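Working notes, structure below.
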Amino acid sequence: MSTAREDCFTMEGKLALPYQYFAGLTGSRFLISLRDQKKIKGLKCNKCNKIFVPPRSTCEICFEEISGNWVDLKNSGTVTGFTIIRYEEPHQPVKPPYILALIKLDGADTPLTHIVKGVPLSKMKVGMKVKAMFAKKSTSSIMDIDHFRPVEGKPKFEMGYTYDELEVGMSASFSKTISESDVYLFAGISGDFNPMHLNEEFAKMTPFGTRIAHGALPQSLIAPVLGMKLPGLGTVALEIMARFKAPTYFGDTITATGEVVEKLEKKRWVRMALTWTNQKDELVAEGSALVIPPMPLPQQAE
Amino acid sequence: MGSKKKNRNVGIVGIGETKFSSHREDVNQPEMIHEAVKGALDDAGLSIDDIDCVVHGNMELFEMVHQPDLWHTLGTGAYGKDAYRLTTGGTTGGTLVAAADNLVASGMYDTVLAIGFEKLQEGHTTGGITNMADPLWARKLQSGALTDSAAVKVIAEFGEERARRAAMIYRIIMDKHACLNPNSHRAFGLDWDQMEDLMTSSPPLIGDLRLIHMCSQSDGACAMIFASEERAWEITDRPVWIRDHITIHREETLNLCVNYYPNETTHRFAAEKLYERNNIKDPIEYFDVFEMYDPSAWWGVDWLRDFFLLEGDEHLKLVEEKEIMINGRMPVNPSGGVIAANPIGATAMVRVAEAAKQVRGNAGPHQIPRPVNHAMASSFGGTMWTVLFMLEKELNW
Amino acid sequence: MRRKVAVCAVAQIKNEPDIWYQRFQGMLFDCFESIVEQTGVTFDMEKGIRNVVTCSDDVFDARTISDSGMTDVVGAHYRGEEKTAQDGINALGYAMAAILSGHDDLILIMGHCKESQSESRQMCTNLAFDPFFCRPLGLDFLNASAFQARAYMEKSGVTDDHLARIVVRSRENGAKNPYARKNELLTKEAVLNSPMLSDPIRELHQYPVTDWAIGMLLSCEERAREFTDNPIYITGFGNCMDSYFLGDRDLTSNFALKKAAGRAFRMAGVKDAKDAFDIVELNDACAYQLPMWAEGVGLAEEGGGAWIDGNGMEKHNVNLSGGMLNGNPIMLGGLARTVEAFLQLRGEAGERQVDGVRKALAHGTTGPAGQHHGVIILEK
Ligand SMILES: [Zn+2]
C-alpha cells in the first residue's frame, strides 16, 4: 500500500528541538473530520462493542483491529470529571484558570479530555451537558475543537463571556437583510424623514442614484453582537465609534462583526474591533467598541 | 566463570518485524509497534491473552516522548499485564532480549513479549538525524575523533590499499545480503565491478569513512516472544534456545580509566568471557551464523577480529575470501545487517531475531543454505557497549 | 530453583530540594562508595558484581541515553549496565528476575533523579502524553491526578480535611527521618488554606520538588551473608499496566494496583493484606493517593475516609518514612519506599523504628494517575 503524504498529519512539537509526529491514517481521518465536517467520530470495537474516542486503531483490551469502524458521535456530551487548573506553565494551551474536563460524548463509551468554557468556575460540576465549540481557525489538531460550552437552556439566563473567559481573537457576528420597511420604521424611530431615505425620485438626484438606508441603521446591528453574543448578556457598552465606508441599499444583507482585540487588565474592560460588511464583502463601516464584559454570576443556591 | 546453569531454559517462540523504512507517515508510534507485536503473535500462533509480561524500550529523546510505554500501551498489549521498560542506547534491543530471557528464566513469567522500536523520522531532523546525516548521529554517539577511528586503525595496520578494499568488499557483501532480505530499508544491488568506483566516488564523511560505509536511519519495530521450556514446546515445534548472554559497557565519565584496564574493546572482552564460560574453543568453527550490530563497514571489518578472537589479519582474510557471505564458511549478517536498516531501539533486537530465524530455518530468501545450529548476535551502543548472545537449536550444551 | 533474593545493603544521600552543588554522577558515586564500604563487594568477574541495574529518565536528565553519563561511577566499567526507565520499584523487580534466573548472583541497583534541573516537572510529564489528542490540552501528571482525586474523594468519603491530616502527618514522620527532605512542620489549617493548584489538589497536597540518589546491593539467597549479617529478603513482586487514555480507565478502580498486589501476594503467599504486614510504604505523590493506594493493596476495604478515621494509617504503620509526599523525586518513589521497609526490617529505622517488624510492603507508581503500579514484599 502506498501512502500519500497529504493523507497524514504532521504535528510540530513545541520544544527547543523540533519534532514532527505522525498521527497515522486513523488519527488523521479523525482530525480531517473535525476540520472539514466539524464532526467528532468514534471507533467501535466489534468484540466488546465499546465506542472509543480519541481514535486508536486497535482496542487495547480485545486487541482487535477497529480502525475501519467509524461511528458518528454527537458534538455534545456529559462531563464525567473535571479539574480547574490554576497553576501557570508554558505547556498549557490557555491562560489559567481553565477547566479541563472528561467529557463523554453522546454516542461514545469513553470520555474525551477537553477544555470547558462559558461556565463560572464555581458552577462547574460533574453531570453538566456540554457541546463542542469549533475553533475559528483550523490547526488540524484536537484544538480544532476550541472548547466545550454548557448546552443552552439550562441556566435561566445564558450569561456572556466574563473578562477571564474572553480571549484576544474571539469574534462573533450578526447578519440581517435591510428591507424597505426597516428603513421606514427607523425613520419613525429617529424622526429622520430625509427624502434620500424615503423618496425614490429625490434619491435619483443624489450621488447614490437610489434610496439608501440611514447610516445608523446597519450600525445598530452591532448591538445584538455585543449584548447577546460577544461578550453577550450582561455586557455594558462604554463607547462605540464607527466610520462609514459605503452606503447600504435596500435589500442589502449586512453582517456586523465584533472581535476582541485588547484586554485592559487594569480596568478589566475589553476593546473590540468592529466591521460591517455587505453581501458583496464590501466594507460598509468599521470602528471600535469599549465594553465591560459580564461579571461572573454570583453564587446561587441550586 | 561464574555462569551457572539457568534456573530454566528459555526459548524464542515468536518473531515480528515491521518493514524498515525511512518514513512511516501512515502510522503513529503505537500503531507501528502494533504491527510488530501482531506479527510476533501470529508467528507464535498466540493471542495477547497468552502473554504474561511486556518489555518495552527505545530512547526517549529521539521522539521526545517521556516514558512512551505509557502511551504505547495502545499498541503493545501491555494492558492488565506486568510491564517493564529498559533503555540502554544502541544496545537497547539487546538489553530487552536479555531482560526477557532473565524474566522468563527467573520463573516469574512464563511468556514474555519484548518490543524494541524507533521512529526516527519524528525526531530532531534539523539536528541532522536524517538519512544523509547518519555520520552526525554516529558522531554524537562516538564523541569526536572516535568516529573514523576504525578506518584509521585498519589503515594504520594493513595499509590504505588493502584496508579500503576490505571495507568495500564487506560493504558489497552486506548489500548483496540486503537485496535478499525483503525487509531491508536500503538495498542498492551493488556489484563487484563497482568497487573501485565506490571507493573514490561515494561522498567522504570523515577521513576514510564514506557515506556508502554508513548505516541507514530507519523507522521500524521488532517484537519477540520468549517462553519457558515447557511453554515453548506447547507453542512451537522449533523453539530457538537462548544459551547465554553477556553485557559489557564502557564509558568514561571520570577520566580515570584511560587505557588502564582492560586494554581491549568491550566486544573482545565480552566474547572472551562468553566463550570461556560456555567452553567455546573455536568460535568460527562453532557458530553457523553471526548477526553483528555493524554501524559501518569499517567497524564491521574491524570488529570481526574482536568477536571471533582472531589475530593478525585473519579477519581481513575472512572478508577478502568472502567467507562471511551467506554461503561462506562463517556467514555474517545474512539479513544485510545494520547498514541495511537501523531503527535504533529495535536494531539490536533485530540481530537476535534474524539469528533466531536462521536457526529455525525459515529466514526466507536470505536463509543460509545449510543447517544452522549455533548462532551468535551482538548489540552495540554508547561509546563502546556490547551485548552478546548465543542461540542454540538443540538443548544439548 | 531460587526462591528468594536478598537486599544486603542500602546507601542513600539526603533528599534535598536542589542539590545544586553536585552533578548526578557525584550523587551516585557517594552511594556507590558507601555500598562498597558497607559490604566489601567487588567487581570480580567471577565472584563480584557483573551487572548494574540503573534507574533514571532521559527527559528529567535532559540527555539522550543518560546512562552513558554514569557507567563508571556506578561500577559498570567493563561490566553490564541495564537501565530501567520507570519507577524504581521495577528496577527491583527486574533485578530480582536477573538473580532468580541464575544469570547473576549479585545486582547493584543505582537510581538517581534531579527534579530541580527541569524548569518544571509538569512540562516534563506533559511529554508523556500523545502529541495529538492529549498533549495539546496541557495534560500532565498533576492535572491527571486531579481528575482521579475528585472522582476518588467522591467515592471514598475522603475529604479536604482528611487530606490535610495526611500532609501534616507526612511532615511529622519526615522530620524523624534523617534522610528525608527537610520541610517545615505544618498545621492542618495551613494545608486547608494552601492554594489550589488543580482542584481538588492544593499546593501542599503535592510532593515537593526533590533531588536524590540511591544504591542497593541485591544478592542471591545463598551468598547474602558474604555481604551482611542482616539480609532482608524480597519474597514477592508484581506490577501491572492500565489503559493509557484517562477516559478509558475507571479512575477509582485501582485496577492496576490490585493486579500488581495480587501477583506479589501470590508469590509471597500473603492471604490478607490487613494483617500480613508490619510496615506499609505507599507511593503517595499526592495526598489523596495514600488512602486510595491503601484501598488498592487491600488495607482499607471500608473506603479511604473511614479507614483514616479509624486510625488506619497508624494501625498499619503506613509511610512512617514521611512518604513520597514529604519529598522523593519522580522515578525513585518506589525505591525510597523500599529503603524504609528495609531499614525497619533491619531494626535500623531510628526514631521511627517499630518493634518486631517481620514483613513489609513497598509500592511504586509510574505514569499519570497511577497508570502503572509495582508492589514488592520484603521479609526478615
Ligand atoms: Zn474491544
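With the dipole of the protein assembly as shown worked out from charges on the C-beta (+1 for Lys and Arg, -1 for Asp and Glu) around the Cα centre, which of C:Ala190, C:Ala261, A:Leu198 lies farthest toward the positive end?
After comparing all options, I get A:Leu198.
Which shape class, rounded, prolate or oblate, goes with chain C when its Cα gyration tensor gives a ≥ b ≥ c as root eigenvalues, a/c under 1.5 marks rounded, and past that a/b bigger than b/c marks prolate?
On the way: a/c = 1.57, a/b = 1.31, b/c = 1.19.
Because a/c hits 1.5 or more and a/b exceeds b/c, chain C counts as prolate.
Shape of the protein assembly as shown from its Cα gyration tensor (a ≥ b ≥ c, root eigenvalues): rounded if a/c is under 1.5, otherwise prolate when a/b > b/c, or oblate? Spell out each step's value before the answer.
Working: a/c = 2.42, a/b = 1.50, b/c = 1.61.
Because a/c hits 1.5 or more and a/b fails to exceed b/c, the protein assembly as shown counts as oblate.
Given Cβ point charges of +1 (Lys, Arg) and -1 (Asp, Glu) and nothing else, what value in debye, to the nearest 20, does the dipole of the stretch A:171-292 about its Cα centre take? Kindly include the intermediate steps, with their values, before the conclusion.
Details: 12 positive and 13 negative charges, 102 e Å.
Dipole of the stretch A:171-292, to the nearest 20 debye: 500 debye.
Take every Cα pair under 8 Å in the stretch B:214-346 that's 6+ residues apart, average their separations, divide by the length, and report that relative contact order as a whole percent. Mind dumping the intermediate values first?
Details: 122 pairs, mean separation 51.1, N = 133.
RCO, the stretch B:214-346: 38 percent.
Normalised by the residues of chain A, what does the relative contact order come to in percent, with Cα pairs under 8 Å and at least six apart?
12
Counting only protein heavy atoms and using a 1.4 Å probe, what share of the accessible area of the protein assembly as shown belongs to carbon plus sulfur, as a whole percent? Provide the component values of the computation, followed by the final result.
On the way: 18870 of 37100 Å².
Accessible surface attributable to carbon and sulfur in the protein assembly as shown totals 51 percent.
Do any GluC sites (Glu not before Pro) in the stretch A:194-273 lie in a loop, going by DSSP, with at most 11 other beta-carbon atoms within 10 Å of their beta carbon, and if so which? Walk me through the numbers on the way to the answer.
Numbers: sites: A:Glu200, A:Glu201, A:Glu239, A:Glu259, A:Glu262, A:Glu265; in loops: A:Glu265.
Answer in residue order: A:Glu265.
Can you list residues from other chains, or at least 5 along the same chain, whose modelled amide H is less than 5 Å from the amide H of C:Thr42?
Distant-sequence amide H within range of C:Thr42: C:Ile49.
Could you work out the mean projected area of the convex hull around the alpha carbons of the stretch A:171-292, in square nanometres to one decimal?
Working: hull surface 30.3 nm².
The Cα convex hull of the stretch A:171-292, projected and averaged over all directions, gives 7.6 nm².
Which one, B:Met330, B:Asn181, A:Ile85, projects farthest toward the positive side of the charge dipole computed for the protein assembly as shown from Cβ point charges (K/R +1, D/E -1)?
With unit charges placed on the Cβ atoms, the residue in question is A:Ile85.
For chain A, with only Lys/Arg (+1) and Asp/Glu (-1) charged at the beta-carbon, what is the dipole magnitude about the Cα centre, in debye rounded to 20?
Details: 37 positive and 33 negative charges, 161 e Å.
Once rounded to the nearest 20, the dipole reads 780 debye.
As a check on your grasp of the helix formula, calculate [θ] at 222 nm for chain C: sum -39500 (n - 2.57) over DSSP H runs of n ≥ 4, divide by the residue count, round to the nearest 500.
Value at 222 nm, helices only, nearest 500: -9500 deg cm²/dmol.
Which links in A:Lys136/B:Lys119; A:Lys229/A:Lys266; A:Lys47/A:Lys136 stretch past 28 Å when you go from one Cα to the other? Numbers along the way, then the final one.
On the way: A:Lys136/B:Lys119 33 Å; A:Lys229/A:Lys266 24 Å; A:Lys47/A:Lys136 38 Å.
Exceeds cut-off: A:Lys136/B:Lys119; A:Lys47/A:Lys136.
Which value in Å does the Kirkwood hydrodynamic radius of chain B take, with 1/r averaged over all unlike C-alpha pairs and then inverted?
Working: mean 1/r = 0.0481 Å⁻¹.
Averaging 1/r across every pair of different Cα atoms and inverting gives 20.8 Å.
Roughly how big is the stretch C:223-380's charge dipole about its Cα centre, with Cβ charges of +1 (Lys, Arg) and -1 (Asp, Glu), in debye to the nearest 20?
Details: 16 positive and 20 negative charges, 116 e Å.
My answer is approximately 560 debye.
Of the options B:Ala150, B:His56, B:Asn279, report the single residue whose Cα projects farthest towards the positive end of the charge dipole of chain B (beta-carbon charges: Lys, Arg +1; Asp, Glu -1).
B:Asn279
Helix-derived [θ] at 222 nm for chain A: sum -39500 (n - 2.57) over DSSP H runs of at least 4, divide by residue count, nearest 500? Numbers along the way, then the final one.
Numbers: 6 runs with 45 residues, N = 302.
That calculation yields -4000 deg cm²/dmol at 222 nm.
Quote the total accessible area buried by chains C and B together, excluding ligands, DNA and RNA, probe 1.4 Å, nearest 100 Å². Mind showing how you got there, number by number?
On the way: alone 14950 and 15360 Å², together 24710 Å².
Accessible area lost upon association: around 5600 Å².
Starting from the Cα gyration tensor of chain A, take the square roots of the eigenvalues, sort them a ≥ b ≥ c, and report rounded, prolate or oblate (rounded when a/c is under 1.5, otherwise prolate if a/b is larger than b/c, else oblate). Intermediate results must be reported in sequence, preceding the final value.
Values: a/c = 2.40, a/b = 1.84, b/c = 1.30.
Prolate.
Could you work out the helix-only [θ] at 222 nm for chain B, with each DSSP H run of four or more residues adding -39,500 (n - 2.57) and the total divided by the number of residues, to the nearest 500 deg cm²/dmol? Before the final figure, lay out each step's value.
Details: 15 runs with 152 residues, N = 397.
So the helix-based figure for chain B works out to -11500 deg cm²/dmol.
Kindly provide the GluC sites (Glu not before Pro) of the stretch C:32-63 that DSSP labels as loop, not H, G, I, E or B, and whose Cβ sees at most 16 other Cβ atoms within 10 Å.
On the way: sites: C:Glu33, C:Glu37, C:Glu46; in loops: C:Glu46.
Of the GluC sites (Glu not before Pro), the ones in loops of the stretch C:32-63 whose Cβ has at most 16 other Cβ atoms within 10 Å are C:Glu46.
Using a cut-off of 17 Å between alpha-carbon atoms, which aspartates and glutamates can reach A:Lys95, once sequence neighbours fewer than 8 places away in the same chain are excluded?
Counting by Cα, and skipping residues close in sequence, A:Lys95 has these aspartates and glutamates nearby: A:Asp146, A:Asp164, A:Glu165, A:Glu167, A:Glu262, A:Glu265, C:Asp140, C:Asp199.
Can you give me the accessible area per residue for the stretch A:24-150, using a 1.4 Å probe, in Å²? If you can, show how the numbers build up before the last one.
Numbers: 4760 Å² over 127 residues.
Result: 37 Å² per residue.
Keeping every protein chain present and rolling a 1.4 Å probe, give me the accessible area per residue for the stretch A:171-292 in Å². Working shown, then result.
On the way: 6360 Å² over 122 residues.
Per residue, the stretch A:171-292 has an accessible area of 52 Å².
7 Å from Cα along Cα→Cβ at both A:Ile189 and B:Lys281: what's the point-to-point distance in nm?
Taking the two extended label points, one gets 10.9 nm.
What percent does the relative contact order of the stretch A:24-150 come to when contacts are Cα pairs within less than 8 Å and at least six residues apart?
Normalised by residue count, the contact order of the stretch A:24-150 is 23 percent.
Across peptide C:40-53, how many C-beta atoms of other chains are within 10 Å of each residue C-beta, on average? Walk me through the numbers on the way to the answer.
Details: counts 0, 0, 0, 0, 1, 7, 4, 1, 1, 0, 6, 5, 2, 2.
Shielding by partners across C:40-53 averages 2.
Obtain the radius of gyration and the Kirkwood radius of the stretch A:24-150 from its C-alpha atoms and give Rg over Rh.
Details: Rg = 14.9 Å, Rh = 15.2 Å.
Over the Cα atoms of the stretch A:24-150, Rg/Rh equals 0.98.
Counting other Cβ atoms within 10 Å, which GluC sites (Glu not before Pro) in the stretch B:318-362 have at most 14 and lie in a DSSP loop? Mind showing how you got there, number by number?
Values: sites: B:Glu320, B:Glu321, B:Glu323, B:Glu354; in loops: B:Glu321, B:Glu323.
Hits after loop and neighbour filter: B:Glu321.
List the lysines whose alpha-carbon lies under 18 Å from that of A:Lys137, not counting same-chain residues fewer than 8 positions away?
Excluding near neighbours in sequence, the set is A:Lys38, A:Lys39, A:Lys117.
Heads up, I need the accessible area for A:Glu89: 1.4 angstrom probe, whole protein in place, Å², nearest 10.
Roughly 30 Å² of A:Glu89 is accessible to a 1.4 Å probe.
Quick check: the angle from helix B:149-158's long axis to the longest principal axis of chain B, C-alpha only, nearest 10 degrees?
Between helix and principal axis, roughly 50 degrees.
The values are calculated or read from the model by the stated rules, or taken from the named source; none is laboratory data. The shown structure was predicted, so the numbers you read here are calculated from the model rather than taken from an experiment. Quick reminder, even Gly has a Cβ in these numbers, built from the backbone with ideal geometry, and neighbours come from all protein chains shown. Remember, those area values only see protein heavy atoms, side chains included, never the ligands or the DNA or RNA. Shrake-Rupley method; radii C 1.70, N 1.55, O 1.52, S 1.80 Å.
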